[in-house]
1. What's the total number of residues in the range 74-121 that are of a type in the set (S, T, N, Q) and surrounded by 15 or more Cβ atoms within 10 Å (Cβ to Cβ)?
2. Report yes if S8 is at pLDDT below 80 and under 16 Å from the mean Cα position of the chain (by Cα), otherwise no.
3. Report the residue count in the range 99-118 for those that are under 8 Å from the mean Cα position of the chain (by Cα) and among the small types (G, A, S).
4. Name the residues in the range 64-120 that are aromatic (F, W, Y), at pLDDT 90 or above and either part of a strand (DSSP E or B) or touching a strand residue (DSSP E or B) at 6+ places or on another chain (Cβ under 9 Å) (or both), would you?
5. Q92 is checked against (1) closer than 16 Å to H23 by Cα; (2) more than 10 Å from the chain's Cα centre (by Cα) and fails just one. What number does that condition carry?
6. Considering only residues that are among the small types (G, A, S) and more than 15 Å from H106 (Cβ to Cβ), look in the range 28-73 and name the one that is surrounded by the most Cβ atoms within 10 Å (Cβ to Cβ).
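The values are calculated or read from the model by the stated rules, or taken from the named source; none is laboratory data. Since this is a predicted model, take the numbers as computed values, not measurements. Don't worry about glycine lacking a Cβ; one is built from the backbone with ideal geometry, like all the others, and counts go over all protein chains shown.
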Amino acid sequence: MRRSRNCSSDARRAPSGVADKLHKVQLTENFLERLNAIEAFLTEVEAHFAFDELLADLRVSIIPNLQRFPAMGRRYLDHPPQSAEALAQLAQLPAGAAAALREYLHGDYLILYTEAGSTVYLLSIRHHRQLSFDFAKL
């Protein structure tokens, strides 16, 4: 399967005034690794169709939504993690980085992303059965 780090959508541009500026959406290496892990998991449980649906949702819904409304996800720190391990990983991030993290919930998936300037960086994606994000790799 072929994936690009820079994803743009063929979705129609929103009417003027709704979202005048489209943001660029970039997939990080960690996000691509997580997609591969999700694909392996879904293949193992014989749910290949679910991975195809996820890829279609990324193209048709998730990426276009983030291009138009990058602040639509809730702030990650609105519900901070409770485990000592996750808190320690957050503490290792550069100053202010944790405050910029956002979560986008889409079906069975939780996407972690951040916005910098006019670019939205997809950092990680997890199926709801997976535990937590690995900040060290981000």
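1. Result for the range 74-121: 2.
2. yes
3. 0
4. Matches in the range 64-120: Y104, Y109, Y113.
5. Looking at each condition in turn, Q92 falls short on (1).
6. Here the answer is A37.
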